[in-house]
Amino acid sequence: MRILYLINSLNGGGAERPLPAVIGMMRACGHTVRVVALARKAGNAVAWLEAAGIDYHIVDDHDPARFASLRQVLRYVRANPPDLLWTSLTRATLYGQAIGRMLRIPVVSWQHSAFLKPANRFMLRRTRYQSAFWVADSEYVARVTRSQLGLPPDRICTWPLFMAGADVPPATPWGGQGDAVFHVGSLGRLEPEKNMQLLVRAMGVIRATRPDARIHLSLCGSGSQMMALQALAAREAPDAINFEGFQPDPLEFCRRLHVYVQPSHFEGLCIAVHEAMQVGLPVIATPVGAIPDIIRDGGNGFLLAPPTPETLAAQILHLYARPDLCMQIGRAARRDILHRYGADVVRAMATAVIRRAEGLVRPRHG
């Protein structure tokens, strides 16, 4: 089966990071896959695709910020007809649905986030049956998508976009030694929905109330809020916060930390939280999206409620003072993630979805 995997861009966000693993499982089932992007954007995912030997094409690469038009994508698909269109993110899904209808190519569509802009939710609800079925990246997103798009249960299935491996080395636990620095970090696009200003303000509270605490924050990612966050950091805790930009190896970044914070306003699966837990970090996160499905407050992580700079600062300081608790929570986090997202579990779910997609193509070749 020839699969054309249509995605908005190769920016390097949460929908692009799992591409090598997703395409790898499709290949393992015997299929040929080409990733086709409507735009390059930052292009951070290009290195991941090339390292995995994945064929890709950017429909219009003259301006990295510009999405290709529906006409351009239709022309490309006509010249390179696949057996199946697999779409990711709203614009690519709407394009894929229209092209699939015109060229009589079956369409399967990902749903990555529980949050849809009102206009996108309206459009996808109208076109929901133009995708043969939908694939959610978590049980939480599946539940919300059924409600938002008005889908019957048999039109959506789950393929977790995270696979844990016991071979991934754990981070070094916080020891609490006198001159050691307690490293706090967060990964994500520096956009309003990630709410990174909450974490920066929490560092300001720590600086004001515990100037003796040797706590340092690393923020990784890029986005429209970079300059505003840098200015806020310069006011709140200028020598205790640094911005490290895009991280090609999130696991390596997490292994340098002692605690991970996810202060988002909303999330879907949130791969970054899973990666932090996989390396054995205690995670402090807002209870949004699928995060409460995987974090047991006080058991394998901490849910931040209410999400204020003061409560976040207090939780960071509590862990700073309790190396034993850091180690206990981190070990529980790693154990739970390896159990829930082990290779055998995720491969079985992915294979079931791929086999269902194969059933869309066989009748056309019969």
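The values are calculated or read from the model by the stated rules, or taken from the named source; none is laboratory data. Computed from a predicted model, the values in this text were never measured in an experiment. Cβ atoms come from the backbone with ideal geometry, glycine included; neighbour counts cover every protein chain shown.
What the table shows:
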read-out	value
Residue list for segment 83-104, filter: hydrophobic (A, V, I, L, M, F, W, C) and either buried (at least 24 other Cβ atoms within 10 Å of the Cβ) or in contact (Cβ under 8 Å) with a residue 40 or more places away in the chain (or both)	Leu84, Leu85, Trp86, Leu89, Ala92
Single residue of Phe253, Phe266 found to be in contact with a strand residue (DSSP E or B) (Cβ under 9 Å, 6 or more places away or on another chain), assigned by TED's automatic domain parsing to the domain that holds Ala333 and of a type outside the set (A, V, I, L, M)	Phe253
Those residues of segment 199-229 which are polar (S, T, N, Q) and touching a Phe, Trp or Tyr at 6+ places or on another chain (Cβ under 6 Å), in sequence order	Ser222
Test set (1) under 23 Å from Ala276 (Cα atoms); (2) touching a strand residue (DSSP E or B) at 6+ places or on another chain (Cβ under 8 Å) - Pro192 fails condition number	(2)
Complete set of residues in segment 207-216 that are assigned to a helix (DSSP H, G or I) and touching a residue at least 40 places away in the same chain (Cβ under 8 Å)	Thr209
Residue count, segment 332-344 (criterion: over 19 Å from the mean Cα position of the chain (by Cα) and either among the hydroxyl-bearing types (Ser, Thr, Tyr) or within 14 Å of Met25 (Cβ to Cβ) (or both))	1
Cβ-Cβ under 7 Å pairs, at least 6 apart or on other chains, segment 6-28 side under 13 Å from Tyr56 (Cβ atoms) and without any contact (Cβ under 8 Å) to a residue 12 or more places away in the chain, far side of a type in the set (D, E, K, R) and not in a helix (DSSP H, G or I)	none
Checklist (1) within 20 Å of Val184 (Cβ to Cβ); (2) out of contact with any Phe, Trp or Tyr (no Cβ under 9 Å at 6 or more places or on another chain); (3) at pLDDT 95 or above applied to Ala305, failing item	(3)
Filter pass, Ile316 being outside the structural domain of Phe115 (by TED's automatic domain parsing), crowded, with 23+ Cβ neighbours inside 10 Å and over 30 Å from Gln111 (Cα atoms)	yes
Filter result for the condition that a residue is buried (at least 23 other Cβ atoms within 10 Å of the Cβ) and out of contact with any Gly (no Cβ under 8 Å at 6 or more places or on another chain), over Val77, Val46, Val35	Val35
Subset of segment 125-161 [hydrophobic (A, V, I, L, M, F, W, C) and under 16 Å from Trp86 (Cβ atoms)]	Ala132, Phe133, Trp134, Val135, Ala136, Ile156, Cys157, Trp159, Leu161
For Glu191: the one exception among (1) surrounded by fewer than 21 Cβ atoms within 10 Å (Cβ to Cβ); (2) touching a helix residue (DSSP H, G or I) at 6+ places or on another chain (Cβ under 8 Å); (3) not β-branched (Val, Ile, Thr)	(2)
Given (1) modelled with pLDDT under 95; (2) closer than 18 Å to Arg71 by Cα, index of the condition Ala114 fails	(2)
Gln130 within 30 Å of Ile105 (Cβ to Cβ) and outside the structural domain of Ile316 (by TED's automatic domain parsing)	yes
Residue in segment 169-178 that is hydrophobic (A, V, I, L, M, F, W, C) and outside the structural domain of Gly14 (by TED's automatic domain parsing) present	yes
Matching residues in segment 217-241 - criterion: being farther than 30 Å from Gly43 by Cβ and in contact (Cβ under 8 Å) with a residue 24 or more places away in the chain	Arg235, Glu236, Ala237, Ala240
Residues of segment 180-206 satisfying the condition of being under 13 Å from His216 (Cβ atoms) and not in a helix (DSSP H, G or I)	Ala180, Val181, Phe182, His183, Val184, Gly185, Ser186
Residue match in segment 223-233 (condition: among the hydroxyl-bearing types (Ser, Thr, Tyr), surrounded by fewer than 18 Cβ atoms within 10 Å (Cβ to Cβ) and not assigned by TED's automatic domain parsing to the domain that holds Gly280)	no
